[in-house]
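Shown next, in C-alpha cells, is the structure this report addresses.
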Protein chains: 2
Amino acid sequence: MDYYSKQISRLIQELGALPGIGAKTAQRLAFHILNMPAEQVQALSAAMVEAKQNVRYCKECYTLTDEELCPICKDHHRNHKMIMVVEGTRDLAAYEKTGKYEGVYHVLHGAIAPMLGIGPNDIKLKELMQRLAKDVDEVIIATNSSLEGETTAMYISKLIKPTGIKVTRIASGVPVGGDLEYIDEVTLLRALEGRTEL
Amino acid sequence: MDYYSKQISRLIQELGALPGIGAKTAQRLAFHILNMPAEQVQALSAAMVEAKQNVRYCKECYTLTDEELCPICKDHHRNHKMIMVVEGTRDLAAYEKTGKYEGVYHVLHGAIAPMLGIGPNDIKLKELMQRLAKDVDEVIIATNSSLEGETTAMYISKLIKPTGIKVTRIASGVPVGGDLEYIDEVTLLRALEGRTEL
C-alpha cells in the first residue's frame, strides 16, 4: 500500500483486522473516518477505549456490563427465580428483543467443545451452580442448537437435576415463516418429535 | 438497547454510524473490540485519531497524505509531465495497483453534478489548471464512467484544449472477462464505438 501515506495505510490495516472487514471495506471506512468531523472521530475512538477499560462481567449473571450489576440483574421487576442460560451476551440481547421474557440470565461465554479443547471449566458453569444455592425455580437452557450447544445443554441438565430444580430446554423446530422444503432433515425430525397437540 | 450497559450501547451506536455497518455488524464488532487485548484497542483508536489529525491534501496532486507531498509526487522516477485526473483517492489506489502507470495524478475530490449542486468550483479543478502552467505533456482524464464523471471529463477537456496540452480519456467498454449477455446496452454501444483495428 505504498500509494497511501503511512498513517492512512496504518488506519486501513487496523480496520482490516476487525472480523468481517475485508481490504475494500477497510479502505472505504478509513476514508470515511478521514472525512468525518474531528469530534466524531474522537467520540468513536473514546467509545472503544472507554468501553474496553470499564466493561467487565456482571457479578451475578456474567454478561458484559460497565457496572457491578447489569441493568437486568439490578431490575427488581424481573423474576430472579427463573434463569435462562445462554452462550453469549448477544444471545441474551436476542431474547431481550422479544420483550416477553421476565426472568434473568446466565451467560456462559462459550459452550463445551471437546474438539476445540473447551471443557466445562472453561465456561462460566461453576458460577451458574453457585447461583443455584439461592432460591431458584427454573433453569431454562437456551444454548445454541449446534453440536456444542446441545452437548452443553445435556451436561448442564445432568448437573442440575440432582438438585431438584426444574430444568427446561427451549424448543427446536421449524422457524416461523420457514418453508418446509428448504429446511434440513435434522430440524424437520426435531419438529416432528417436539409436536404438540392442537 | 437497555439490555446492554451504557458504554456498550454507546460503542455499538458509534460503530453503527459508519457506512455499511448495520445494527448486527455493529454489535459483532463491539463485542470483538471488547474481547481484543487493551493495547490493540488503543492502537486502533490511536490510528483513527492520529490519521484524522495529520492527514491533509498533498500540495501538488491533492490526494490525502500525512506529509506535504504524497509518496507519488515525491518520487523522481515517475513521469511528472503526465497527469491522470481521478475523482477520489481510492481511484488513484485502483490505478496504482495495476503497477503499470508511470505518471502522476490529480485528485478532484468529487465530480461536477449540477443535480446535487456541485459545480466546477467545488472540486479541485482550479488547482489542476494551475499545475498545467508547468511543463505538462498529457492529461489523462480517468473520472468514473457515470453521468457525473462524463460531464466532468467533458468540462475539463474543453478547459484544457485551448492550452494545447494533449487531453485523453480512458477507454470505456466491456470489462475483461465480462460476459456480453450480462452487460448493459450503453456499455455495449460504447465498446462498439471505441472498437480498434486488429
Residue match in the range A:37-45 (condition: closer than 30 Å to B:Gly99 by Cα, out of contact with any helix residue (DSSP H, G or I) (no Cβ under 9 Å at 6 or more places or on another chain) and not hydrophobic (A, V, I, L, M, F, W, C)): no
Given the condition among the small types (Gly, Ala, Ser) and open to solvent by 10 Å² or more (accessible area, probe 1.4 Å), answer yes or no: does some residue in the range A:51-74 qualify? no
Check on A:Ile72, within 9 Å of chain B (Cβ to nearest Cβ) and more than 26 Å from A:Thr143 (Cα to Cα): no
Taking A:Glu39, is it on the phi < 0 side of the Ramachandran plot, surrounded by fewer than 18 Cβ atoms within 10 Å (Cβ to Cβ) and part of a helix (DSSP H, G or I)? yes
Selection from the range A:78-131 of residues in contact (Cβ under 8 Å) with a residue 12 or more places away in the chain, part of a loop (DSSP other than H, G, I, E, B) and within 14 Å of chain B (Cβ to nearest Cβ) yields A:Arg78, A:Glu87, A:Gly88, A:Tyr101, A:Glu102, A:His109, A:Gly110
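Out of all the residues in the range B:144-161, is one or more over 19 Å from B:Val107 (Cα atoms) and open to solvent by 70 Å² or more (accessible area, probe 1.4 Å)?
First pass over the range B:144-161, keeping only residues over 19 Å from B:Val107 (Cα atoms): B:161.
Next, only the ones that are open to solvent by 70 Å² or more (accessible area, probe 1.4 Å) stay: B:161.
Yes, that holds for at least one residue.
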For the range A:15-30, which positions are within 25 Å of the chain's Cα centre (by Cα), facing chain B (nearest Cβ under 7 Å) and surrounded by 16 or more Cβ atoms within 10 Å (Cβ to Cβ)? A:Leu18
Could you run through the range B:1-14 and say how many residues are part of a loop (DSSP other than H, G, I, E, B) and facing chain A (nearest Cβ under 7 Å)? 4
Got a sec? Which of B:Asp179, B:Asp137, B:Asp122, B:Asp184 is open to solvent by 30 Å² or more (accessible area, probe 1.4 Å) and closer than 22 Å to B:Glu102 by Cα? B:Asp137
Of the residues that make up the range B:90-103, is at least one at negative phi, open to solvent by less than 60 Å² (accessible area, probe 1.4 Å) and touching a Cys at 6+ places or on another chain (Cβ under 9 Å)? yes
Given the structure, is A:Val174 among the β-branched types (Val, Ile, Thr), modelled with pLDDT under 90, farther than 24 Å from A:Thr89 by Cα and assigned to a loop (DSSP other than H, G, I, E, B)? yes
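For the range A:24-36, which positions are part of a helix (DSSP H, G or I) and under 20 Å from B:Thr65 (Cβ atoms)?
Residues satisfying the conditions are A:Ala26, A:Gln27, A:Arg28, A:Leu29, A:Ala30, A:Phe31, A:His32, A:Ile33, A:Leu34, A:Asn35.
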Checklist (1) at the interface with chain B (Cβ under 7 Å from one of its Cβ atoms); (2) under 27 Å from A:Leu11 (Cα atoms); (3) among the charged types (D, E, K, R) applied to A:Glu67, failing item: (2)
Condition broken by A:Leu116, with the remaining ones in (1) within 29 Å of B:Ile33 (Cβ to Cβ); (2) open to solvent by less than 60 Å² (accessible area, probe 1.4 Å) satisfied: (2)
Can we say A:Arg195 is surrounded by 12 or more Cβ atoms within 10 Å (Cβ to Cβ), free of Cβ contacts under 8 Å to residues at least 60 places away in the same chain and over 30 Å from A:Lys74 (Cα atoms)? no
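Quick grid of which residues meet (1) farther than 16 Å from A:Val86 by Cα; (2) in contact with a Leu (Cβ under 8 Å, 6 or more places away or on another chain):
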position: A:Leu128; (1), (2): no, yes
position: A:Ala133; (1), (2): yes, no
position: A:Leu147; (1), (2): no, no
position: A:Lys158; (1), (2): yes, no
position: A:Pro162; (1), (2): yes, no
position: A:Ala171; (1), (2): no, no
position: A:Val176; (1), (2): yes, no
position: A:Glu181; (1), (2): yes, no
position: A:Thr187; (1), (2): yes, no
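The values are calculated or read from the model by the stated rules, or taken from the named source; none is laboratory data. Please read these numbers as outputs of a predicted model, since none were measured by experiment. In this analysis, Cβ positions are derived from the backbone assuming ideal geometry, glycine residues included, and neighbour counts consider all displayed protein chains. With ligands, DNA and RNA removed, areas are computed over all heavy atoms of the protein, side chains included. Shrake-Rupley method; radii C 1.70, N 1.55, O 1.52, S 1.80 Å.
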